[in-house]
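Asks: Structure below; questions to follow.
The values are calculated or read from the model by the stated rules, or taken from the named source; none is laboratory data. Owing to the predicted nature of the structure, the values given are computational and were not obtained by experimental measurement. Every residue, glycine as well, gets a Cβ built from its backbone with ideal geometry; the counts of neighbours run over all protein chains shown. Calculation scope for accessible area: heavy atoms of the full protein, side chains included, ligands and nucleic acids excluded. Shrake-Rupley method; radii C 1.70, N 1.55, O 1.52, S 1.80 Å.
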Amino acid sequence: MAASKISLVGTAHRQSSQVLLATAVVIVEDDCGNQFPARALLDSGSESNFIAERLSQRLRVERDKVDISILGIGQRTSKVKQRIKATVLSRVSDFSRTMSFLVLPKVTVNLPTVTINSIGWPIPKGIELADPTFMVSQVIDIVLGIESFFEYFETGQKITLGERLPSLNESVFGWVVCGGSSLPEQTSNIVCNVSSTQRLEDLLTRFWSCEELESSRNYSPEEARCEQLFKTSVQREADGRYTVSLPKKDGGLKLLNDSRDIALRRLQGTERRLERDATLRQQYEAFMSEYLELGHMQKVDTSVRETVKRCYLPHHPVLKEASTTTKVRVVFDASCKTASGVAVNDVLLVGPVIQEDLRSIETNNDGC
């Protein structure tokens, strides 16, 4: 997942005029065919499309995790953590396009920044305005960037309303009102929308930095030791596989006692279950055989049983009929207590939590 930086939205003050940016009322459709009207800003200065969190919550679409920095005026930075896909349709033509949107709490300020008195403007009768209430300061739900911008204005048709008045530009969403207008004795805001993406090498650098573990100074002593053991023992074998030592507590292995008897009793119970279900037995044996072939386990050499201390892990099958691939998998029970009352899991270090909070990584899995 590559990270990028985007510059977005700055404001300044100017007297006696208001620039109308290109806005349109469009239809946003989700994966289930539900349609919602949305007020869009058509922004040729943006490399990305944006959608307000309020609207994205109403859409039944899958959310992708991203890591993108949004830079504003004064280099203030905010993070974008989610991206969605939705289809944008026109109310007045057959235009339809599926686009990706970065999710923001608010995509920009209300546009226009002040409500404009458009009474007396010579707007021709019978034309379909892209935004019928273009003159009213309202919320913007989405920003449509440069990706398809010039497809919106393919005809190039334009109607000039007059001096110090905006113009009408024909688009797939209807006639868009944009340009400067006179506002005598009134103060207005100027809104600039520009987005740009970092160079590829910067994206890769950012990617790897995001994959690094957090600084150990925030870890407990046990978590820091667990991380250190991982760093010093992880290695890649000649066959391409990675191996790492178990993060054992100091002196922890001495606490383990006899485990063979309980593992043997559990195995006998499993065998009795398999004798009653030939299909399950066949799948179980196939799973264990694959484990052996892949080198994930090996047969115990019983001739050295007395001189080598071993800890036996009981195992049992877990059946999942709904699975489309492996319906049976084998679970090795490292929580099974040995004769001393201590299990393998009890003598292993617990590492730090390195993933983000669950609320930021969960996806929208609601049905349609």
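Asks: What FRET efficiency would be calculated for the residue pair K248, K125, taking the C-beta separation as r and a Förster radius of 56 Å, to the nearest 0.05? Don't skip to the end; give the middle numbers.
Replies: Values: r = 83 Å, r/R0 = 1.48.
It comes to 0.10.
Asks: If you count, for each residue, the other Cβ atoms within 10 Å and average over each peptide, how do 291-297, 347-353, 139-145 line up from highest to lowest? Could you put the intermediate results ahead of the total?
Replies: Working: 291-297: 10.9, 347-353: 15.7, 139-145: 22.7.
Going from most to least packed, we get 139-145, 347-353, 291-297.
Asks: Please list, in order, the residues from the stretch 82-108 whose amide nitrogen is less than 18 Å from a point placed 7 Å along the Cα→Cβ vector of Q35.
Replies: Residues passing the 18 Å test: 86-99.
Asks: Using 0.36 nm per residue of separation minus the Cα-Cα distance, give me the extension gain between T87 and S167 in nm, one decimal.
Replies: Numbers: separation 80, 0.36 × 80 = 28.80 nm, distance 2.82 nm.
Full extension from T87 to S167 adds 26.0 nm.
Asks: Considering only protein heavy atoms, what per residue accessible area in square angstrom results for the stretch 306-349 with a 1.4 angstrom probe? Don't jump to the answer; show the numbers that get you there.
Replies: Details: 2700 Å² over 44 residues.
Normalised by residue count, the accessible surface of the stretch 306-349 is 61 Å².
Asks: Find, among the GluC sites (Glu not before Pro) in the stretch 86-187, those assigned to loop by DSSP (not H, G, I, E, B) with at most 16 other beta-carbon atoms within 10 angstrom.
Replies: Details: sites: E128, E147, E151, E154, E163, E170, E185; in loops: E128, E154, E163.
Qualifying residues, ordered by number: E128, E154, E163.
Asks: While we're here: Roughly what would the spin-label model give for K106 and E62, points 7 Å off Cα along C-beta, in nm?
Replies: It is 3.3 nm.
Asks: Moving on to the next point. Please work out the C-alpha center-to-center distance from the stretch 28-55 to the stretch 105-163 and express it in whole Å.
Replies: Computed from Cα coordinates, the inter-centre distance equals 15 Å.
Asks: Right, next: Just subtract the alpha-carbon distance of E154 and S340 from 0.36 nm times their residue separation and send over the number in nm, one decimal. Can you show the working numbers first?
Replies: Numbers: separation 186, 0.36 × 186 = 66.96 nm, distance 7.89 nm.
Difference between extended and current length: 59.1 nm.
Asks: Say the cut-off is 30 Å between C-alpha atoms; which of K85/K231; K254/K327; K65/K337; K249/K320; K299/K327 go over it? Walk me through the numbers on the way to the answer.
Replies: On the way: K85/K231 38 Å; K254/K327 38 Å; K65/K337 39 Å; K249/K320 35 Å; K299/K327 25 Å.
Pairs exceeding the cut-off: K85/K231; K254/K327; K65/K337; K249/K320.
Asks: Using +1 on the beta carbon of Lys and Arg, -1 on that of Asp and Glu, and nothing else charged, what's the dipole of the stretch 221-294 about the Cα centre, debye to 20? Working shown, then result.
Replies: On the way: 14 positive and 14 negative charges, 51 e Å.
The calculated dipole for the stretch 221-294 is roughly 240 debye.
Asks: Of S46, P122, T98, which is farthest towards the positive pole of the stretch 42-128's charge dipole, taken about the Cα centre with +1 and -1 on the beta-carbons of Lys, Arg and Asp, Glu respectively?
Replies: Value: T98.
Asks: Using modelled amide H (1.01 Å from N, peptide plane; none on Pro or chain starts), what sits under 5 Å from the amide H of S46, excluding residues fewer than 5 places away?
Replies: Amide H to amide H, under 5 Å and 5 or more residues apart or across chains, S46 pairs with I146, S195.
Asks: Working out 0.36 nm times the residue gap between Q235 and D258, then minus their Cα-Cα distance, what length gain in nm do you get to one decimal? The partial results should precede the final answer.
Replies: Working: separation 23, 0.36 × 23 = 8.28 nm, distance 3.11 nm.
Extending this stretch completely gives an extra 5.2 nm.
Asks: Where only protein heavy atoms count, and the probe is 1.4 Å, what is the accessible area per residue for the stretch 85-126 in Å²? Before the final figure, lay out the partial values.
Replies: On the way: 2240 Å² over 42 residues.
Ligands and nucleic acids excluded, the figure is 53 Å² per residue.
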